[in-house]
Structure formats: structure tokens, C-alpha cells
There are 2 protein chains.
Amino acid sequence: MIRHDPVLPPEFLFPIDHWRWVESRFSEDFAGQSETTFSTANGYLGMRGGFQEGRPSFLHGTYINAFYETWPIPYGEKAFGFAKTGQTMVNVPDGKIIRLYVDDEPFTIDRATLDDYERALDFKTGTYERRTTYTTASGKQVRMRATRLVSFTDRHVAAIRFEVEVVNAKAPLVIVSEMVNHAAVDAQRRSEMPDPGGKPDLDDPRLAKTFSEQVLVPEKVETDRNRVLMGFRTRSSGLSLGCGMEHAIETENSYVVSGSCPDNCGQVIFSISAEPGKPIVLYKFLAYHTSGTETPAELRSRAGRTLDRVVARGFGDLLTDQKRFMDEFWSHSDIEISVPSVHPRLQQCLRWNLFQLLQATARVENAGVPAKGLTGQAYEGHYFWDMEAYVLPFLVYTAPRVARNLLKFRHGMLDKARERATELNQKGALFPWRTISGDEASAYYAAGTAQYHINGAIAYALKKYIEVTNDTEFLCEYGAEILVETARLWYDLGFFSERQDGKFCIHGVTGPDEYTTVVNNNTYTNLMARENLWYAAAAVERLRKEFPKAYTALAHETRLDPAEAAEWKRAADNMYVPYDQRTKINPQDDSFLDREVWDIKNTPKNKFPLLLHFHPLVIYRYQVIKQADIVLAMFLLGNEFSMEQKKRNFDYYDPLTTGDSSLSACIQAIVASEIGYDDAAIRYLRYAVLMDLADVGGNVRDGVHIASIGGTWMAVVCGLAGMRDYNGKVTFNPKPFVEKLRFQLTVRNQRLEINIENGSVTYLIKQGEGLTIYHRNEEIALKEGKAITRSVT
Amino acid sequence: MIRHDPVLPPEFLFPIDHWRWVESRFSEDFAGQSETTFSTANGYLGMRGGFQEGRPSFLHGTYINAFYETWPIPYGEKAFGFAKTGQTMVNVPDGKIIRLYVDDEPFTIDRATLDDYERALDFKTGTYERRTTYTTASGKQVRMRATRLVSFTDRHVAAIRFEVEVVNAKAPLVIVSEMVNHAAVDAQRRSEMPDPGGKPDLDDPRLAKTFSEQVLVPEKVETDRNRVLMGFRTRSSGLSLGCGMEHAIETENSYVVSGSCPDNCGQVIFSISAEPGKPIVLYKFLAYHTSGTETPAELRSRAGRTLDRVVARGFGDLLTDQKRFMDEFWSHSDIEISVPSVHPRLQQCLRWNLFQLLQATARVENAGVPAKGLTGQAYEGHYFWDMEAYVLPFLVYTAPRVARNLLKFRHGMLDKARERATELNQKGALFPWRTISGDEASAYYAAGTAQYHINGAIAYALKKYIEVTNDTEFLCEYGAEILVETARLWYDLGFFSERQDGKFCIHGVTGPDEYTTVVNNNTYTNLMARENLWYAAAAVERLRKEFPKAYTALAHETRLDPAEAAEWKRAADNMYVPYDQRTKINPQDDSFLDREVWDIKNTPKNKFPLLLHFHPLVIYRYQVIKQADIVLAMFLLGNEFSMEQKKRNFDYYDPLTTGDSSLSACIQAIVASEIGYDDAAIRYLRYAVLMDLADVGGNVRDGVHIASIGGTWMAVVCGLAGMRDYNGKVTFNPKPFVEKLRFQLTVRNQRLEINIENGSVTYLIKQGEGLTIYHRNEEIALKEGKAITRSVT
């Protein structure tokens, strides 16, 4: 179901550029979303793309992955087992602030008379660039240029190069460089700017917690001329933060430096007697360190040492490293694309998406990928199934080391997942629906804890990772344990139902579609549980045969009973999969088809997303879908559906799907592609790729949609190129309407390039000895360096 | 399902007395529950039965019906339409405090050497009496006697007569009489006493909200020798309270009076030089007034005027009035009973139950009946369906004027119920699951708002009231409007389902059993909705024919379309009623039988009630029942089930029923009686009648269970005497095992006495011209004064 077409901001504001996201005129209408779309991040540290002057601003945001505050989750009415502790990623001190005063008048973008303006996120250099020239009321022309980066190579570091010059006159010029704890001085959200969306924001359940007390408790601030170091501790979670800034200035003008350090703000002030044509170049280096064990004082020292190092090397070195990192990234992750029917700006938007994936994941270490990456606080900086279901496929095929880190991090949650399963009266492990610390943090279980399918997503991602990388060491060390505990949960949760002829049923769960909750036999869940059970049984068997030592360790660690795997297999073999004889479709769950059909066509546009305008009881009563559910199963487990079945299901569910979730369009694009619904495929791909840049959901100001972004990669690779990899068999089925599509995949340590162009596709091993793939039904044994071309018409 | 038999406190502590509830030795083990069971109240004002010395105390509680504080209900995750404003009955200043100091040593029950002690709630006089004699460490014997009453005739008034005498010595004696705002000086709950139950209290969702700020903001305290007047306003809801106390003293001893009045406590202090054998009698009069419109100052004046009046009349007059009121009550509401197999203390316990019904309802005016009456703050002092489904039957048959008041009060909520229906995307009116103000206050919709069946309970109670009283004026003025709006809700909520052959289905609701929530076609709900729709259609038709003016007014008020009633009838005629061919039972809902059966037998006793020990998702996944659901339908709409069907359903559901709700046993007793399961009937009746006094639920300390108490009346009248009144046809079917049962019913303004004794039953019109009733299948036309006797064997 497509309600209306997404519209990108106009080109006179945001011109086309294949390698940059560019704003060439400042427009307040787009200011909130631009703060998000111009964000810079490296997976550990993120900065929203707001202006260095600190205003105008929608939401000042600087975030460190997994640095969070906790609080007791309030309930009007409690019940046993409800998640107890809320977790929210903290807005840490903002180091990007550099305020400029000319003749003692402050400069801000929105009030100045601009002669020239451009803001860009440069995908090749990995930097944010702003170029500005303005003329003061007294006629002095001031030229500025700022380059900002969050370093991919030094994950604790961000840096800014700021150049300013008074072109045509002398002027006293003051530069105030700050590192300021916004969370202390104003509310965490929404400062000076009006809300362009006009949505009922305060009740939006997707936004982050706001605190009435100061979250970051300052421990100490020290200043030393050009340098400020600050230490904080979070009030409740007790995590430590040490951060600091240091400056270097290059100019022929005379100047004076001074510092000042109230509790929540470090300032270094440069007072300059600027001469015309004599530029001032200020370098600002930022360092952030966080820890759950070290003290703020220790981290302050660490931040100081980091600053020592990067200042010694200089900004130029950071830029060079950043460029080298980006070159390496694009060399194996770039997608060249042209499908005019999708959108003329497809290439630009897709590269922005890929760059966001990099920014969200590159340096995630011992943490997960938050739903908004590090571009906003919505969803509290929590990790959902998005990580495994939407982001990992990209990583598995382009950056397997990062994929491994994330799966290892998930494995680290296993003990807490075991505890949570016990709390829910179940054996095995139940991973939290949303979390940072590993503890369940979803305060609304019907669309939270009840989504047991997250277990299936993790097991599925693990299987993919192992199949694509052949990393059996990971399977032995970490993967098998996850598989055992997730399989145990399913086996214990479900039951062999007499009323369903002994089939294995799973009751009281919520599937991916959150517009129908707590149902029996959600088809998606049952299928994913079956896959999980089968794979767990197979993995245990494989370890027993191929890796006996690992098997012994696993059996010891998990107290594995040799009979368990057979039971898992029996449950999987007998898994109940809902099927309706009358309509010949797979019902989304046992009672889905009994419901009334929601009249989407006659629902006014301003009533979407439904979740903000209807009581859950109303929504749950209808056949109406927030996001692809059965359709997702038909992609992930596509080998278990016939083509006819896929069509029937798609035909039934597509008109019921609102797309109120950003996780939907990408998957619909893939399945529509497969079943030959090219128009729908193109339109859904357009939705997916433009999700954030065209602000389809109306809430990009709150952060990017990382799952949709990961899904966009899948929509291109699995949709346009028709890639599938069931049980490790990599198959392609490129769409004839693709004008140009070139990308690479890393499969079992080999680099495979796929190039679709002019009605044919060329497969080439760029690195590696050889690989067997499938072009449609044809098996192709590729050898290194020897391209093989096939027609795609 | 009976897990274990309820056990009353031992007789050496609580001796048998048919007309009193008596404690003859103080025991700390029962102190919390005795505070509840010795409560005095009149439906407007209630005082827990704690000691006048203020300690030991479990929970100081003085309550005024519908005097509540509000607060924003917190949600970890909000959603559209969630109830916004919490409401909680406020603990108002405690006027019962009279502290005694002999030789400057304070007296408290738990520390004194008691020579004599008795505490009693006297059902005949309507008073609380305490007799105490103790000897001080220095050998002085002190005799006390206190009589406390909350007046039934003067609903704003409570009064205490306190007599004290030093028997054997002279002694300086200080009496400190207080009116103290406990809510200001300590938390609203749980003061000095340990919790004997050892339950996980703080998370018990049934308990009341506690506030971190003072709820009652003092406006002014004035004192005038013997009198203190205080004014308060609730912080958030803005309601006013004026209260005060005045004293009179009679003694031959010399004494001095002084007063003191900090913000939250008024004190009057009597310093007496007591001579042996010269008693001191202190009279303390209390007045409470509340208002949403008047100021605290105005109410202070009103309290002063009330005190003027009652002080002038004196304590004796209040006592006399109280006794007269009780005589009148017992003259038509008493039940004489002896069924030894139920319990030897059946008579005493049943009278206590009846007395509680009186205390909860007698002077409820423009308010409802809270779930705990005015004996505790659990369930926040909210009105639930308990009022219509469990309390009204007693009132309809014994105090129709009070029943009318309650239904009129419910009618007053209609506008808010219309708003709530709109908020839930529905036409008509949806009454709040829990409320004081009329606004929905249930913070957990699955076991709250989703219980749409409250609409059906209200319509059902209305029908009963009209049938039993013939009050057509009420039907025309108030009832029909309720019926129209409730019928509209059902008609709009449900739909004619193609998949159920065009039957009318109702989805996404929760039935009375809260252990299965948000289901499709809850049988109870569908049946009650059918009754509601039918009756609404019939009522509209009746008004049109018999009361055309009322019909015109109704049509105008509700914009009634003449075609609507026919549509309601069509929906009712086609109502889908779940029936399972295989088991030949009515499934509780569409998917109930698909679930696994909870293993109640192997669930440890300390895991009950399940709601405190299992996550809702776990409970909902099973066939396990909190309270009779189908069984309740078989009582309320018993004429729609065959005897065989009743047996089959009971046989199926009874073993699944935990009785975790106090609303269950009474109903199970009635249906077990009807189907001839005498043993079960007797045991369930025992549960019902002893629910509070034997503390079956382990939480009587938090207040009495008014619904269970009302249900107990039904269990006796409808269970033991087999009374039914479908469509106004009053039928009896007494149980042969009843040794003695005499009670009266008021039917269409006639007083009918039923007397079962020695194997026969005698029906007698004590007042009225004549009435047709049925003894089993035999029609009997009763004439005034002419008893008719039939055998019951």
C-alpha cells in the first residue's frame, strides 16, 4: 500500500551531487531534519549536524554509544515481570560550539546577511564542511570555512578546522570555543526552534525520556589556556565520562587567549584584532572517553593523553587518515547505481545511506547499533532486532569483522537473557526487545517483550554470518551457545497441541507487525522459530562431529542434554504454520483473518501513523499492518514458499500495510521485485532509499532510521540484483529494468563484483581463488580475474 | 477449583456472637485485618477500625467517598488514548485519635498490661465499642470504655464517647484529643507495623498510589477551646475539605483544657486530676464536608454549623438515631441462617457481610460504591462494575432508593462515557473501567479499558432495577438514555462477520476473567451485549408506545434514528456465541480452547494469586481463570443455557478457576447450587461468606471486598434459596440441605418473606397486596398475610 510518493527537498536548496549531501541555501523549514542528515559519527561517538554557533538549533546532540542513564520505569499499574529499569543514551557535552563575534556582534546563520553558504557531508572525505560568507550591518564582509570530522581511525576523537577572515576591513573579532553540557542548561529536547512537523510530540512513544534532574553530574573541570578537561558521572547509572578540548591557532593577526570554566561549560576565548585579508585558522580537537569502571578523573587523564597525541599529529593527519579510511570503505562497499524510474537522485541518496551505515557501525566496539545510530535520542539509543535483521546483512557481506563484533556483543548479553527467560517462566534465553545494558527496557510488553521473535532474528543472523564467512571458530566459541539457549526457549515456550493434530504451536507472542499483538501462532514467529530450532540442532550435531572439544565445552557450559537437539528438531519438524484453505494464504496469526479489515483508503492522511491517533485496542481489532510481517518471512525464508504462495500472500497483505514503520518498504521492495511486481518494487525502493532524506515518516529531525537504511542496501542487492543466499547458496536474479548497478560482496573471504549494465550482468572475483554462485538457476564456478557475463533480459 | 479451606481467626480471640464481630483478646497477628473488619462507615464517611491511641496501627485511614486527588498517570511508553489522569481517594484527617496518659505514661494496647479487653462491631446498634482495663507499672488500674459511630442519619458526622476511670488510685491524667492529617506526617500506607503477610507489597498493582508531596494543603486551622476547625484543599484535583471536632466533658474531677493547632493537626488537651472511682466522660464530635465548588473556608463554616447542631443534641441522640436506623435496616434486610455444613459461624459472618453492605452504601449520594467501600484505599477508592454487578442486586431487593441513586449517579457519567467512546473511535458511550470522576483511570488497558463488558453490566443492572421496582419514571428519565448509548457502542464495536456466516462478532475485548485479555468473542461479553442490545431496542419501543413524551425527549437528546433499534435487534438476534462441537462447551472466547491448560495442581500455593508471580504474557498464554466468566454468564443469563450445558461448562471451567479474584467464589456457589453440586456449592459459599473475615485473599488489611460481600448475599439468596428473576419472573428453588434460612425481598413495593426451615419453605407477603412468584415450576399467587408453604425436599 503506497499512500503518496516521497518528495525530496528541492534542488535549489539541496542540489544533486553523487558524492555529497549538500545544502546550498539555509532554510529553516529543513533545519531540524538537516541537523540529523548532516550528522557525523563513527559508531562510538556521534554529533548531530547542527551549526557550530549553537543556534538556531532543533536539538543539540552529541552521543556516545552505550553511554546511558537509568531510571525506574514508571507504570500506572505494575505487574510482575514488567521491565524495571529504563535506559537512555545521554546527551554528552557538545564540543562543536565555536561562536563568532565581529565588532562584538554575534554571527548566526539565520540572522546574518549571507553572501555565500554551503553545508555538505562529503562521503569521500568523511567530513562535514561549511562555507559561509556574510556582510555585517556595517558593511564588513566575513568569510568562514569550517571542516568537522568524527574520526574513524581514532574513535575517541573529533576535530574542527575553522577558518575566518574579514575580507574588506579591520575588525575586532572574538571566537568563543565551548564544550557545553546542554543537558544541564536546557531540557534534553527541543530548544529554540518551532516544530515544523506540528505532530503531537510529547506523547510520541518513540521519543526519548527527558529528565527533570541533571543527568550528568560534573566532577571536575580543569583548564589550561588552550585546553579544557571535564569529568562527569551519570546520576543513576554511575557511568563515567571524561572529555576535553584543545585548540591551536594560526594567524598573522595579534590575539589574546583566555579561558573560563563554570561547572557545565568549558570556554576558551580568542580575542583577535583582525586585519583585512589576514585569515585566522583555529583547530579544535575533542576527545571523549567513557567507562563503567574507571573514575571520571581517570577518564579526564585519558582524554588529556588523547589530546596530546592528536594535537601533536595535527588536523592534517586526521584528515588524511579519514580520507584513507573512506577510500577503503568505498573500495568494497560502494554501489554505483542508475535506475531512473526509482529517482534521478538515487545515486546520491543511496551513497548517503551507505555513509550512514558506516557512521553507525564502523567503530562500534563492545556495543550495539542503536535504532537511530548516533544521530538522535529517539528510541533512547536502544538496540533492537534492527541490528541483526536489518543492519547485519550489509555488514556480513561488506565488513564481516564488524558483524562479528556485533554478534559477539549479543553473546555477551546471554546471561541477562537467561535471567529474563526465567523471569518470564521459561527455559533458555530471551533477548530483550530493547536494551543498552542487556536488561529488557521495553515498557510496553505487547509491542516489546512479547516480540520473542528477536531470538529468531539473532539466530538467523548468526546462521547467515557463519554461512557467508565460514567462521566456524565463532560458531564454536559463541554462536552455538546462543543457538542452544534460543532453541531451548522456543521449545519450552511452544507446545504440541492436541487441537492442532499434535503440531507445535507458539502462543502469546507479537510478530514484527506491531499493529496486532499478543497472538497465537504468528506465522513469521513460528517460521523463524523453526529455523532457529533446526539450525540449533544442526549446529550441535556439527560441533559434536567436527569440533568435539568445542562440543564438550558447550555441553558443560549449557548443561546440554544429548536428547535436547532431537527434541528441538521434532518441534521444528512439527511446527504449525497457519494456512487458510479458503483464501490459500498464510494468515498472519491464528485469528488475523477473523478480524475486520481496516479501511485504509478512507483513513485521512493526517491519521497516520495510526499509532499516534488510535488507541491500541482499536488498531489491534483490525486487519491492518504496521510493517511487513508475512512478507518479511517470505524474504528471509523465501525458500519455504512457492512463487504462487508468495504472490497470493503479497496480494493479500500489501493492501493492508500502512508502512507506518520505516522497516517495511525495503522488505516490500524485495518481495515485490521477486514476484515480478516491478512498479511496486520501484516505488517501495524509492520509499526505502528516500526514507530519511525525503523525511517520509516526518520525524527525521529525531534521527536517521538505521534499520531502513540497512534495509535499503538489501532492497538494492536482494531486490534489484535479486541476491539470495539460502543455506549459503548465493544466487542472483537481476531485474531487467536496472540500467546500471555495480557493487561488491565479500563471501568466504573472497571479493565478488556484480555489475549490471546494458541488459547484462557480469560476475567477477576481484580477490580470492574461486567461488560457486548461481545466476538464476544456472550454477557458475567463478575463478579469480575471469569475468562471466549473462543476459538479464 | 478449591485450593484449601478458609480458616477463621480462633474463637478464643474472636468469639462467636450472632450480632457482633468481637475481638476478646488483642493479637498483633490480626491487627492489620482487624483495622479493616472493625471499620465504621456510612457510605459517605468511613473510618478504619484502628485504635484511638493512634498506635499500634497498620494504616490510619479516614475516607470520604469521591474525595480524591489526581495526578498524571505515568507510562514507561505512552500510546494514544491511554487514560491520562489518576484518581485516588484521599486519606483525610483522622478524628478518632484520643491519647491517654496516666502519670504521664502513654497507654497503648500493645504495651499495656491488660486486665480486660474487648473490641466489637455491634450490628444492632451500628457502633464500634471498645472496653479496656489495664494496670500501670505502678499498680494503678485504669478502666476505659469507648463507643465510636459514623452516623447513618447525619452523614457528615462521626462521634465518640470515651469514658475513663482510675479505679484504685489518684492519678494525673491527660487526654489528648486530635484531628490529624496523617497523609502529611507519614506516607499514606504502612506505618509502624510489620507486614504479617510478607507479600511483595510495593509492586501489588491493587494498592493505592502514594504521593511524594503532601496531598492536602492546609488552608486554615481555627481553634476555640473545645473546638478545632480545619480547611484543606487537594493539591491537584482542587477539591475542598472542611472538617472539625468539638468536645464536651463530664466529670467530677477538676481539669484544665487547652488547645494547639499546628498546620496538620488540631489538638485539644484535657489535664485532669483524677480521683479513684470518679469517671471522666469525654464526648467528641466530628464533622466532615467536601465540595468541588465551595471553598475550604465555606466548608469550615459548614463543619462548624454541623458541630453546633450535633453538640446541642448530644451523643445520646446520635446513638438513638443510629439504633433506630439499624432496626429499620434489619427489619427488611436481615437474613437468619443456619447451614452447619457451611460453617458454625455462618450467621455471625453473614451479618457482618450485610452490615458492611450497609456501611458501604447507606448514605452514598451522588457518588458510587468503591471496591473497598470506605475501609481502605486499595483500588484507589474507584468504582468498578462491582457496583452494578455485585452490589446492586442486594440494593434493588432491599433498598431500591439507594439502588436508584447509584444508577442515577452512573447516568451522570454519561457525557464522559460518550467522550471516552469517541476517544476509542466508537459511537455511543463507553463507561470507564475504573473511575471516581467519570474519567477512565485504568492505567493498564488490557485488564481495564478493554473490559467493555462494564457497559453490559450497567444495562443489566438497570433492567433488573426497572423490573423489580417498576420504576418506569427512572427508565424514561435516565435509563433509556443509558440504554441507547450503550447499545450504540456495541453495535458500532461489533460487526457482521463473513467468516462467521454473517454472525455479529465482537473483537478485542477482555471479559470478566482478567487472566485472558484482549480476545475475540468473549462469550460472556457477547451474551451481555446481546442482552443490552435487546433490552435497549425493547426500551425504546416501550417508550415510543407507552411514554411518547419521554420518547420524544429521548430521541431529541440522543439524536435517535428510528431505524437504530431495529439494527440493534438484528445484531442481537445474530450475536455470535462461541460453541465448541468437540467438547460441547461454550469456549470462553475464540481462542481459549487452543491454549495450553495451566497446571494448577502443581503450582505451589505461594505462587497464588498468579498475577503477583507471573508476567501477564505467561498467564494469558494458558487456560487459567482468575474469576468465573462463563459461569457468571450462566448465572446472569441462566435462562439462555440448558441444565446440561450449564453442567458441561461448569465441569470444564471450574478446575481452571484459581479464585484469585474475590469476585469468583460467590458466583461459583450459585451455579454449583443450581446444577446440584451441593458440596461445591457449600464450599464456595463458605469461601464467599468468609472471604474477608478469614482473609482468604491475604489482603483484608487493605480493605473489605465489597463485590464479594454483595456476591455473598446473592450466593445465599440465589444459591441457597435458588432465587432467579429472569425478565421479572421471580422464582425460588430452595436447597434441601438448608436447615434454616429466612430473609425478605422487596419486589414492586411489596415485602416478601421467604422462610426455609425443616424441609419446607414458606412464602409470605408481609406488606403489599399480592404478588405472583414461582416455587420451582409452580406458579404461586401470594396475597398479603397469607403464608404459603411448600416442601423443599
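The values are calculated or read from the model by the stated rules, or taken from the named source; none is laboratory data. Here the structure is a predicted model, which is why all the values come from computation and not from measurement. Positions of Cβ are generated from backbone atoms using ideal geometry, with glycine treated the same way; all protein chains shown enter the neighbour counts. Note: accessible area is taken over every heavy atom of the protein model, side chains too, but ligands, DNA and RNA are not part of it. Shrake-Rupley method; radii C 1.70, N 1.55, O 1.52, S 1.80 Å.
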Expected 222 nm ellipticity per residue - DSSP helices of 4 or more, -39500 (n - 2.57), all of the protein assembly as shown, to 500:
-9000 deg cm²/dmol
Roughly how far apart, in whole Å, are the Cα centres of the stretch B:417-459 and the stretch B:336-393?
24 Å
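Residues with beta-carbon under 10 Å from that of residue A:307, excluding residue A:307: net charge, scoring Lys, Arg +1 and Asp, Glu -1?
Values: positive: A:227, A:302, A:305, A:309; negative: A:246, A:308.
After counting each charged neighbour, the total is +2.
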Distance cut-off 17 Å, percentage of C-alpha pairs in the stretch B:709-778 lying past it
39 percent
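Determine one quarter of the surface area of the Cα convex hull of the stretch B:284-392, which equals its mean projected area, and express it in nm² to one decimal.
Details: hull surface 38.8 nm².
Averaging across all directions leaves 9.7 nm² for the Cα convex hull.
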When each copy gets a label point 7 Å from Cα toward the beta-carbon at residue B:496, what are the spacings between them in nm, shortest first?
4.5
On the first, second and third principal axes, largest extent first, how far apart are the outermost C-alpha atoms of the stretch A:582-714 in Å?
44, 35, 21
Above 47 Å lies some portion of the pair distances; for chain A, what is it as a whole percent of all C-alpha pairs?
21 percent
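How large is Rg/Rh for the stretch A:644-793, to two decimals, with Cα atoms and a Kirkwood Rh?
Numbers: Rg = 16.5 Å, Rh = 16.3 Å.
Rg/Rh for the stretch A:644-793 comes to 1.01.
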Here the tail fraction of P(r) beyond 15 Å, over all Cα-Cα pairs of the stretch B:40-85, rounds in percent to 62 percent
Report the per residue volume, in Å³, of the convex hull enclosing the C-alpha atoms of the protein assembly as shown.
211 Å³
The chain B residue whose Cβ lies closest to the rotation axis carrying chain B onto chain A, with that distance rounded to whole Å, is B:74, 2
Hey, for residue A:15 with labels 7 Å out along Cα-Cβ, what do the inter-copy distances come to in nm, ordered shortest first?
10.3
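Under a Cβ-Cβ cut-off of 14 Å, what is the net charge of the residues other than residue B:785 that fall near it, where Lys and Arg count +1 and Asp and Glu count -1?
Details: positive: B:751, B:766, B:783, B:786; negative: B:753, B:769, B:784.
Once all neighbours under 14 Å are counted, the net charge is +1.
In debye, nearest 20: dipole of the protein assembly as shown around its Cα centre with unit charges on the Cβ of K, R (+) and D, E (-)? Working shown, then result.
Working: 184 positive and 204 negative charges, 160 e Å.
That gives a dipole near 760 debye.
Taking each pair of different alpha-carbon atoms in the stretch A:215-272 once, compute 1/r for the pair, average those values, and report the inverse of that mean as the Kirkwood hydrodynamic radius in Å to one decimal.
Working: mean 1/r = 0.0794 Å⁻¹.
Final number for the Kirkwood radius of the stretch A:215-272 is 12.6 Å.
Within 10 Å of each candidate Cβ there may be at most 15 other Cβ atoms; applying that plus a DSSP loop requirement, which trypsin sites (Lys or Arg not before Pro) in the stretch A:1-40 survive?
Hits after loop and neighbour filter: A:3, A:25.
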Can you tell me what the convex hull of the Cα atoms of the stretch B:79-134 projects to on average, as an area in nm²?
8.3 nm²
Once you list every other residue whose beta carbon is under 11 Å from the beta carbon of residue A:343, what net charge do they have if Lys and Arg are +1 and Asp and Glu are -1?
+2
With 5 Å bins from zero, work out the P(r) of the stretch B:591-642 over every alpha carbon pair and list the percent per bin.
4, 17, 22, 20, 16, 11, 7, 2
Principal axis dimensions, largest first and in whole angstrom, of the stretch A:1-80 by Cα:
55, 40, 24
Report P(r) for the stretch B:414-530: all Cα-Cα distances, bin width 10 Å, range 0 to the bin holding the largest distance, values in whole percent.
14, 43, 33, 9, 0
Assuming a strict under-23 Å limit between Cα atoms, what lysine pair count do you get for the stretch A:572-651 once near-sequence pairs (fewer than 8 apart, same chain) are dropped?
9
Solvent-accessible area per residue for chain A (1.4 angstrom probe, square angstrom)
33 Å²
So how long is each side of the stretch B:331-386 along the principal axes, counting just the alpha-carbon atoms, biggest first, in Å?
38, 26, 18
Treat every Asp and Glu Cβ in the stretch B:56-142 as -1 and every Lys and Arg Cβ as +1, leave all other atoms uncharged, and give the resulting dipole magnitude about the Cα centre to the nearest 20 debye.
340 debye
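Can you list, largest first and rounded to whole Å, the semi-axes you get for the stretch B:464-560 by taking the square root of 5 times each eigenvalue of its Cα gyration tensor? Don't jump to the answer; show the numbers that get you there.
On the way: eigenvalues 169, 48, 23 Å².
Semi-axis lengths for the stretch B:464-560 are 29, 16, 11 Å.
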Please identify every one of the GluC sites (Glu not before Pro) in the stretch A:210-276 that sits in a loop by DSSP and has no more than 15 other beta carbons within 10 Å of its own beta carbon.
A:213, A:252
Please name the residues of the stretch B:60-94 whose accessible area, counted over protein heavy atoms with a 1.4 angstrom probe, falls by no less than 50 Å² between the chain alone and the full protein assembly.
B:74, B:76, B:77, B:78, B:80
Which value, in nm² and rounded to one decimal, describes the direction-averaged projected area of the C-alpha convex hull of the stretch B:223-350?
13.3 nm²
Could you calculate the contour length gain from residue A:309 to residue A:422, that is, 0.36 nm times the residue separation minus the distance between their Cα atoms, to one decimal place in nm?
35.9 nm
Area buried, chain A against chain B - accessible surface, total, 1.4 angstrom probe, square angstrom
4700 Å²
Using a Debye calculation, one point per C-alpha and no hydration shell, please list log10 I(q)/I(0) for the stretch A:680-737 at q = 0.16, 0.22, 0.24, 0.29 Å⁻¹ in order.
-0.55, -0.84, -0.92, -1.13
For the stretch B:122-182, what's the radius of gyration and Dmax over Cα atoms, in angstrom?
14.8, 44
Starting from the Cα of residue A:783, draw a straight line to each of the lysines and keep only those under 27 Å, dropping any in the same chain fewer than 8 residues away.
A:463, A:464, A:729, A:735, A:740, A:766
Measuring label to label, 7 Å along Cα→Cβ, what does residue A:217 give against each other copy in nm, shortest first?
3.1
Hydropathy first: keep DSSP H helices in chain B averaging at least -1.0 on Kyte-Doolittle, then drop any whose Cα extent along the axis falls short of 30 Å, and list what survives.
B:523-546
Across the Cα atoms of the stretch B:505-601, what radius of gyration and what greatest pairwise Cα-Cα distance (Dmax) are found, in Å?
18.0, 60
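Among A:340-346, B:289-295, A:55-61, how do they line up from the highest to the lowest mean number of other beta-carbon atoms within 10 Å?
Numbers: A:340-346: 18.7, B:289-295: 16.0, A:55-61: 22.9.
Packing proxy ranking, top to bottom: A:55-61, A:340-346, B:289-295.
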